[in-house]
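Scroll down for the structure; my scribbles are underneath it.
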Amino acid sequence: MVDVSAKQPTLRTAIARGRVLMHRETYDLIKADKIKKGNVLTVAQVAGIQGAKACSQIIPLCHPINLTKVSVDLGLDGNANALPFECAVNIKATVKCKGETGVEMEALSAVSVAALTVFDMCKAVTKEMTIDGIKVVEKTGGKSGHWKQE
């Protein structure tokens, strides 16, 4: 790991996004809360939070970070128009800490684990889903300051 002991702690945030693309049939089952494993959006939200908290355990050179906030928001999109898929579950994670290193990896982990959970819960209906577009869209704090994807 990189030595961050000389850095001053600052308030750091990161926002990441991604989505799970799917066909209308799967989307309708999620929307109607008819997936056999349970409420997809709620379970994926909790899984995403756990993913952020476990980031340093699954990515070898990530520092363990004392997170002060993790929020994972999932939303249904009935008009994704990403052929061959018509629909999506959109995922946004916001992570904060006061520390010596950023939380981009924790935000990406949160979105990734939430997306994997959506896939896992729906794979009995179909395996035809695509996890797409996972990326950091904004970060603040640290030496590089504020950055936002345009």
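The values are calculated or read from the model by the stated rules, or taken from the named source; none is laboratory data. Just so it is clear, the model here is predicted, and its values are computed rather than measured. All Cβ positions, glycine included, derive from the backbone under ideal geometry; neighbour counts span all protein chains shown. For the accessible areas, the whole protein counts, side chains as well, though only heavy atoms, and no ligand, DNA or RNA atoms are used. Shrake-Rupley method; radii C 1.70, N 1.55, O 1.52, S 1.80 Å.
What the table shows:
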{"quantity": "Restricting segment 44-69 to residues that are in a helix (DSSP H, G or I) and touching a Ser or Thr at 6+ places or on another chain (Cβ under 6 Å), the residue that is surrounded by the fewest Cβ atoms within 10 Å (Cβ to Cβ)", "calculated": "47"}
{"quantity": "Residue satisfying all of: in segment 82-113; part of a helix (DSSP H, G or I) and over 12 Å from residue 72 (Cα atoms); least open to solvent (accessible area, probe 1.4 Å) among these", "calculated": "104"}
{"quantity": "Those residues of segment 1-33 which are among the basic types (Lys, Arg), over 18 Å from residue 128 (Cβ atoms) and over 12 Å from the mean Cα position of the chain (by Cα), in sequence order", "calculated": "7, 12"}
{"quantity": "Residue in segment 118-134 that is within 29 Å of residue 4 (Cβ to Cβ) and not hydroxyl-bearing (Ser, Thr, Tyr) present", "calculated": "yes"}
{"quantity": "Matching entry among 26, 68 (being in contact (Cβ under 8 Å) with a residue 12 or more places away in the chain, touching a helix residue (DSSP H, G or I) at 6+ places or on another chain (Cβ under 7 Å) and not charged (D, E, K, R))", "calculated": "26"}
{"quantity": "Unique match (being free of Cβ contacts under 8 Å to residues at least 60 places away in the same chain and either closer than 13 Å to residue 17 by Cα or out of contact with any Leu (no Cβ under 6 Å at 6 or more places or on another chain) (or both)) among 96, 123, 139, 92", "calculated": "123"}
{"quantity": "Residue that is modelled with the lowest pLDDT [pool: residues in segment 8-31 that are open to solvent by 100 Å² or more (accessible area, probe 1.4 Å) and either part of a loop (DSSP other than H, G, I, E, B) or within 22 Å of residue 84 (Cβ to Cβ) (or both)]", "calculated": "8"}
{"quantity": "Subset of segment 114-124 that is under 20 Å from residue 51 (Cα atoms) and hydrophobic (A, V, I, L, M, F, W, C) - its residue that is surrounded by the most Cβ atoms within 10 Å (Cβ to Cβ)", "calculated": "114"}
{"quantity": "Cross-chain or 6+ apart pairs with Cβ under 6 Å, segment 32-48 first and at pLDDT below 95, then outside any helix (DSSP H, G or I) and surrounded by 11 or more Cβ atoms within 10 Å (Cβ to Cβ)", "calculated": "none"}
{"quantity": "Hits in segment 70-81 - residues which are under 14 Å from residue 113 (Cβ atoms) and either in contact with a Leu (Cβ under 9 Å, 6 or more places away or on another chain) or in a loop (DSSP other than H, G, I, E, B) (or both)", "calculated": "74"}
{"quantity": "Set 143, 127: member being exposed (fewer than 15 other Cβ atoms within 10 Å of the Cβ), at pLDDT 95 or above, out of contact with any Asp or Glu (no Cβ under 9 Å at 6 or more places or on another chain) and of a type outside the set (A, V, I, L, M)", "calculated": "127"}
